[in-house]
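Have a look at the structure below, then the notes.
The values are calculated or read from the model by the stated rules, or taken from the named source; none is laboratory data. All figures in this text were calculated on a predicted structure; none of them were measured in a lab. Because the Cβ atoms are built from the backbone with ideal geometry, glycine has one as well, and the counts that use them run over all protein chains shown.
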Amino acid sequence: MMNDWYQKSARMYYSKVADPEKNADAQYLLDCWKSLPSSKAGYTRCPALVVDFETSSLDCEKGEIISAGWVTAENGAVKLATAEHWLIASEMSVGDSATVHKIRDCELENGISDREMLKQLLIAAKGKVLVFHNAQMDLAFLNKLCLKYCGIPLLLPYRDTFRTERENMLKMSEVLPQNSLTLAACRKRHKLPNYPGHNALVDAIATAELFLVQHYRTAA
Amino acid sequence: MNTPHKEELQIVLDFLKTCLPFDELDESELVTVAGQLEIQYHRKGAVFKQNNCDPGLRILRTGAAELKDADGELIERLEEGESFNLQGLLSERAGISAVLIEDTLLYFFPEEQYQALRSNQRHIDRYFHSQRGRRIRRAAMSLNTSADLGRKIGSLMSTSVLSVAPYDSIQHTAAVMSERRVSCALVMDGEKLVGIITDRDLRSRVTAAGFDVSKAIADVMTQNPAGLTVNDDVFDATLFMTYRGFHHIPVFSDSDQTQLVGIVTGSDLMLARQNEPVYLVNHIRRQNSIEGLKVICSQLPQLTQQWVQAEAQPAQVSRILTAVSDAVAIRLIDMAIEELGPAPVPFCWLGFGSQGRAEQLLGADQDNGLLISDDLQEEHKPWFEALAHRVCDGLDACGYEYCHGKVMATTDEWRQSLSGWCRTVDRWTNAPSTDAVMRVSIFFDLRAVYGDHTLANQLQAHMLKKARGNSIFLAALAANVLDTPPPLGIFRRFVVERNGDHRDELNLKKQAISSIVDIARIHALSNGIKAVNTHARLDELVKVKALTIGDSRNLQDAWSVIMQIRLHQQAHQIEVDEPVSNYVNPAKLSKLNRQQLRDAFSVVADAQSGVAQKYRPGMGR
């Protein structure tokens, strides 16, 4: 990956800066750094953790993660046994519950903290490459949490099914039609079943399936 | 600590609920299954075979696959929602593979968890078990004939083989063959097979040629005969005999192909195929006692079950079962004539109702009658009465129970001369009381089973003449047709029995099949169509433009769907040793079957309103 060398040097720097005494959660991220998957095969053959977040805003400065879903893809298979879906108790709405939507109330009751979610995610991500559809937004939210609870940025290798799809399509044509790279559009193009959107786990599984397809197409 | 929300695998659950047999699991069991699945994606052309894939069940989420046998013959084409367990198939028959014919997303259910589910859920296990059996059988039916062709000859060969030494005389050989009552002997040099000699060889090479019988058997035997191994099947053996003209095949061990283990003869192969309907009917003809017929009829439930499992179509099964009941009746009449002496005047034994239409299933009671030539004299009557009693008693003994409505040749009403019958028909059609209409609906589906068919033809011609254009009679018949609406309420819910032994159940025969039969009959009668089989009637009705092709096909499909469900229900009842009935609980049917049944009932409802408009215009239902 293009940013491998950058990530590597940044990790070297931040491993020294990190202070597990001050930020206990930093240890989970440092563990991930210690057991990174081998990048030789371009991360296509190593285990992947496919992740999706539902957020209350597209901007990580304005909103937060409402729910998170992830599932492992390994040896060409999405392992549903590893699927996890977490609802996050939103901090912003704590003092403001009267204005919060009903669904949000339920979420509050059942949700975990964003700190706990990050911890679970880092445990699941150990030894794996992360996969997102349109990684930039999810990574921005995730980075924010890492800086907040670990004191260091994420700096984990990742793959982006959105970017892979765009690269593949640009090999065939110059101009891409509008909305041709949404998760649903990509899946439709590859004749994958139509799933209802906007559930973090459903989208994570949907992305994982797209990841499998792209992997097989490239292999062929 | 919080646990992850596994129920969020809703997309997987929703899909599994549409797949047999997972549709029968409850929600929590489904969640468990979903959590154990792996999603895989494979390109078109990918092949799963013995050594290249992990054991387990593969469910097609999208795409399509073909199961093929070792010779590349198609066993089954699988589509979305269908599944296969390659190792299970391979354990019964080597060389089976699955080929993807489209890019395919599949749910893989690993072997350990899959087997755990099967051992915990009996109905799931039964489904997969019978599915595998069906596929294996189909793999065995390379020539689309009988399942028995796949049977290994090792299981039916005779292992007590008569052997002689090469230097034994021809005379000695013939003597021991006679003594042991066998038609062939194997010539063995120690442990090694060196030749074979058969009855036919002795006749043509010794007796006809005037060969010296004191000479060694080695001089006339067929040397080093070709053979098969214990793992070859009945089909291989049949081919072997047909091509080479041999009727005796030495069978060798599979591991050591010089070691003789037995011999298979043409009659062994015939016996192996005794389940085939043709043999069954022939077998009935050879019986000389009611006891013998009873033994054969007692096997019908198990045979029916085998036919159903081999995926015979309902029309085929009902035709076979009718052929069997015809054969039993014919044999009983012949046996009666052997004792009573020849018939004094010509007659015809008639089958009515489902037998008449060749649509019998298991548990049918007898509907029959006697049609006697107008030469009938008073003094002849005791002969026919005796005949009727012998045949009806015999049928009852064989499991075809006496008719509750007394539609039997033993009653005076159903044992008449041709002109007597014609007068009865006139009375029924001129004053169609409810009772008369009920009788007509049985009687008008008549077929000659035994005797002078021209009598039956004359009676039928009279019947059709009377019915056709008789609008009062047809309106009464139509009222009877409309009397039983299909058991489908508003919102397409099934209307089931509220109480009694059959609470929550439907009677598929009374509430569904009979309606279709009635609809086909009224149209046939009003159009002068002679056919009585429901499919044949519906075909004829299209030809005379009384029904559109679409309506006719819909009714035929509805008939097939309902008969299929009824037949599977009966096969299930036989399996669990319950009495065979026509009741089914729709809640216990698969989702697919329920859907099909609803569609079938809708077709019947539409066709009934067609009948109302045509034969009872302005009279309501």
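The set of residues from the range A:198-210 being surrounded by fewer than 23 Cβ atoms within 10 Å (Cβ to Cβ) and either more than 8 Å from every other protein chain (Cβ to nearest Cβ) or not in a helix (DSSP H, G or I) (or both) comprises A:HIS198, A:ASN199. Among the residues in the range A:76-84, are any within 13 Å of chain B (Cβ to nearest Cβ), at pLDDT below 85 and in contact with a helix residue (DSSP H, G or I) (Cβ under 7 Å, 6 or more places away or on another chain)? Looking for residues that are within 13 Å of chain B (Cβ to nearest Cβ), at pLDDT below 85 and in contact with a helix residue (DSSP H, G or I) (Cβ under 7 Å, 6 or more places away or on another chain), one finds none in the range A:76-84, hence no. Of all residues in the range B:56-85, those satisfying the criterion of being closer than 24 Å to B:VAL12 by Cβ, part of a loop (DSSP other than H, G, I, E, B) and away from chain A (no Cβ under 14 Å) are B:GLU82, B:ASN85. For A:THR44, the criteria (1) within 14 Å of another protein chain (Cβ to nearest Cβ); (2) at pLDDT 85 or above; (3) out of contact with any Asp or Glu (no Cβ under 9 Å at 6 or more places or on another chain) hold in every case but one, which is (2). In the range A:58-73, the residue that is surrounded by the fewest Cβ atoms within 10 Å (Cβ to Cβ) out of those that are more than 9 Å from chain B (Cβ to nearest Cβ) and over 14 Å from A:LEU121 (Cβ atoms) is A:GLU61.
Looking across the range B:210-228, the residues that are under 30 Å from B:ARG151 (Cβ atoms), without any contact (Cβ under 8 Å) to a residue 60 or more places away in the chain and crowded, with 18+ Cβ neighbours inside 10 Å come down to B:MET221, B:PRO225, B:GLY227. Taking the numbered list (1) buried (at least 21 other Cβ atoms within 10 Å of the Cβ); (2) of a type outside the set (Ser, Thr, Tyr); (3) in contact (Cβ under 8 Å) with a residue 40 or more places away in the chain in turn, B:ARG537 passes all entries but (3). The condition of being within 24 Å of B:PRO342 (Cβ to Cβ), acidic (Asp, Glu) and not in a strand (DSSP E or B) holds for only one of B:ASP412, B:ASP445, that being B:ASP412. Beta carbons closer than 9 Å, at least 6 apart along the sequence or on distinct chains, pair a first residue in the range B:197-209 that is part of a strand (DSSP E or B) with a second that is at pLDDT below 90 and among the aromatic types (Phe, Trp, Tyr) for B:THR198/B:PHE246. Here A:GLN120 fulfils each of the conditions (1) away from chain B (no Cβ under 14 Å); (2) crowded, with 17+ Cβ neighbours inside 10 Å; (3) in a helix (DSSP H, G or I) apart from (1). The number of residues in the range B:433-443 being crowded, with 22+ Cβ neighbours inside 10 Å and touching a residue at least 40 places away in the same chain (Cβ under 8 Å) comes to 1. Within the range B:428-462, can you find the residues that are modelled with pLDDT of 90 or more and over 29 Å from the mean Cα position of the chain (by Cα)? Scanning the range B:428-462 gives B:ASP452, B:THR454, B:LEU455, B:ASN457, B:GLN458, B:LEU459, B:GLN460, B:ALA461, B:HIS462.
Summed over the range B:513-558, the residues that are more than 21 Å from B:THR484 (Cβ to Cβ), over 23 Å from the mean Cα position of the chain (by Cα), of a type in the set (A, V, I, L, M) and in a loop (DSSP other than H, G, I, E, B) give a count of 3. So, B:SER590, is that one of a type in the set (Ser, Thr, Tyr), assigned by TED's automatic domain parsing to the domain that holds B:ASN533 and modelled with pLDDT of 85 or more or not? Spelling it out, it is not the case that B:SER590 is of a type in the set (Ser, Thr, Tyr), assigned by TED's automatic domain parsing to the domain that holds B:ASN533 and modelled with pLDDT of 85 or more. One residue stands out in the range A:160-197 among those that are without any contact (Cβ under 8 Å) to a residue 12 or more places away in the chain and hydrophobic (A, V, I, L, M, F, W, C): the one that is farthest from the other protein chains (Cβ to nearest Cβ), namely A:VAL175.
Can you pull out the residues in the range B:92-126 that are assigned to a loop (DSSP other than H, G, I, E, B), closer than 30 Å to B:ASP232 by Cβ and touching a helix residue (DSSP H, G or I) at 6+ places or on another chain (Cβ under 8 Å)? Matches in the range B:92-126: B:ARG93, B:ILE96. Restricting attention to the range B:62-90, the residues that are in contact with a Gly (Cβ under 8 Å, 6 or more places away or on another chain) and within 22 Å of A:TYR216 (Cα to Cα) total 1. Residues of the range A:123-142 that are in contact (Cβ under 8 Å) with a residue 60 or more places away in the chain, out of contact with any Cys (no Cβ under 6 Å at 6 or more places or on another chain) and assigned to a helix (DSSP H, G or I): A:ILE123, A:ALA124, A:MET137, A:ASP138, A:LEU142.
Entry remark, the range B:498-524: residues being farther than 15 Å from B:ILE562 by Cβ and either free of Cβ contacts under 8 Å to residues at least 40 places away in the same chain or touching a helix residue (DSSP H, G or I) at 6+ places or on another chain (Cβ under 6 Å) (or both) number 8 in total. Applying the criterion of being modelled with pLDDT of 80 or more, of a type in the set (Gly, Ala, Ser) and not assigned by TED's automatic domain parsing to the domain that holds B:MET335 to the residues of the range B:248-304, the residue that is surrounded by the fewest Cβ atoms within 10 Å (Cβ to Cβ) is B:SER255. For the range B:464-498, the candidate set comprises residues that are more than 32 Å from the chain's Cα centre (by Cα) and not in a helix (DSSP H, G or I); within that set, the residue that is surrounded by the most Cβ atoms within 10 Å (Cβ to Cβ) is B:ASN470. Scanning the range B:375-409 for residues that are assigned to a loop (DSSP other than H, G, I, E, B) and of a type in the set (Lys, Arg) yields one hit, B:LYS406.
Restricting B:PHE235, B:PHE240 to residues that are buried (at least 20 other Cβ atoms within 10 Å of the Cβ), at pLDDT below 85 and either among the β-branched types (Val, Ile, Thr) or assigned to a helix (DSSP H, G or I) (or both) narrows the list to B:PHE235. Every condition in (1) more than 23 Å from B:TYR583 (Cβ to Cβ); (2) buried (at least 20 other Cβ atoms within 10 Å of the Cβ) holds for B:ALA461 except the one numbered (2). When the range B:589-611 is filtered for residues that are over 23 Å from the mean Cα position of the chain (by Cα) and surrounded by fewer than 19 Cβ atoms within 10 Å (Cβ to Cβ), the ones remaining, listed by number, are B:LYS591, B:GLN595, B:ARG598, B:ASP599, B:SER602, B:ALA605, B:ASP606, B:SER609, B:GLY610. The residues of the range A:162-195 include none that are touching a helix residue (DSSP H, G or I) at 6+ places or on another chain (Cβ under 7 Å), exposed (fewer than 12 other Cβ atoms within 10 Å of the Cβ) and not polar (S, T, N, Q).
Put simply, of B:ASP54, B:ASP71 the only residue that is over 21 Å from A:LEU80 (Cα atoms) and either touching a residue at least 24 places away in the same chain (Cβ under 8 Å) or in contact with a Ser or Thr (Cβ under 7 Å, 6 or more places away or on another chain) (or both) is B:ASP71.
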